[in-house]
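Before any comments, here is the structure.
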Amino acid sequence: MNDMMKQNAKVLFRVPNEDGSAEVETLWATSLGGDKYKIDNSPFYAYGVSWEDIVLAPFSEEEQFPTFQSVVSKSGNRTVRVSFDPPIEEGNESDVILKGLVSLGCDYEGANTKYISVNIPPNVSLDEVRQYLIEKETTWEHADPTYDRLFPENA
């Protein structure tokens, strides 16, 4: 087994841009064998995947990483991403909003003090989190499920 296939592997995701180019994001994952990986962190750029989802990611010679192909099974976790302005500082408005998300039962990872990937566990209402973010007039997006998947009539 090569080193890329052991626990704490990285799975590469290509996230298409509107101009036809793509961003690359690598997420920590645990190899389950058979090119399957359990995602071990929240995505900052990839869509349609969340923490603890099982994905199919065959090793790509070109990329030199296991590379995302499809979701095998969903964990039940959902992901939204929040952009904070002002950046989060202890006690400021952004910090209060983030603590409010935690009090709803969410957890999060921060790319930095402005950009946060929020995990919504299966037992937490996505609608309640959405309403909270809307009420707080926060800049955010649906990452998993995507807005288009939730509201196909508006896509």
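The values are calculated or read from the model by the stated rules, or taken from the named source; none is laboratory data. Keep in mind that this is a model prediction, so the values were computed, not measured. Here the Cβ is made from the backbone with ideal geometry for all residues, glycine too, and neighbour counts use every protein chain on show. Ligands, DNA and RNA are stripped out before the accessible areas are found, and what is left, the full protein with its side chains, is counted by its heavy atoms. Shrake-Rupley method; radii C 1.70, N 1.55, O 1.52, S 1.80 Å.
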Protein accessible area in segment 1-104, 1.4 Å probe - carbon and sulfur %: 50 percent
Which value, in Å² and to the nearest 10, is the accessible area of L104 when all protein chains are kept and the probe is 1.4 Å? 50 Å²
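Give me the 1.4 Å probe accessible area per residue for segment 1-95, excluding ligands and nucleic acids, in Å². It would help to have the intermediate numbers written out before the result.
Working: 5150 Å² over 95 residues.
Result: 54 Å² per residue.
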Given the candidates S75, N154, T26, the one whose Cα lies deepest towards the positive end of the charge dipole of the chain, counting +1 at each Lys or Arg C-beta and -1 at each Asp or Glu C-beta, is S75
With no solvent and one point per C-alpha, what does the Debye sum give as log10 I(q)/I(0) for segment 70-116 at q = 0.13, 0.18, 0.33 Å⁻¹? -0.35, -0.58, -1.33
Based on Cβ point charges of +1 for Lys and Arg and -1 for Asp and Glu, what charge dipole magnitude is obtained for segment 46-87 about its Cα centre, in debye rounded to the nearest 20? 300 debye
Suppose accessible area is computed on protein heavy atoms with a 1.4 Å probe; arrange E63, E153, E52 from highest to lowest. E153, E52, E63
Nearest 10 degrees is fine. How inclined is helix 126-135 to the longest principal axis of the chain, computing both from alpha carbons? 50 degrees
Sorted by accessible surface (1.4 Å probe, heavy atoms of the protein chains only), largest first, I134, I39, I88 come out as I134, I88, I39
Difference of contour (0.36 nm per residue) and Cα-Cα distance, S21 to F59: 11.5 nm
Which option, [x] 1.09; [y] 1.41; [z] 1.01, is the value of Cα Rg over 2.2 N^0.38 Å that was calculated from these coordinates? [x]
Under a straight-distance cross-link criterion of Cα-Cα below 20 Å, which lysines are reachable from K74, leaving out those fewer than 8 residues away in the same chain? K10, K36, K38
Can you pull the accessible area of R78 for me, 1.4 Å probe, Å² to the nearest 10? 40 Å²
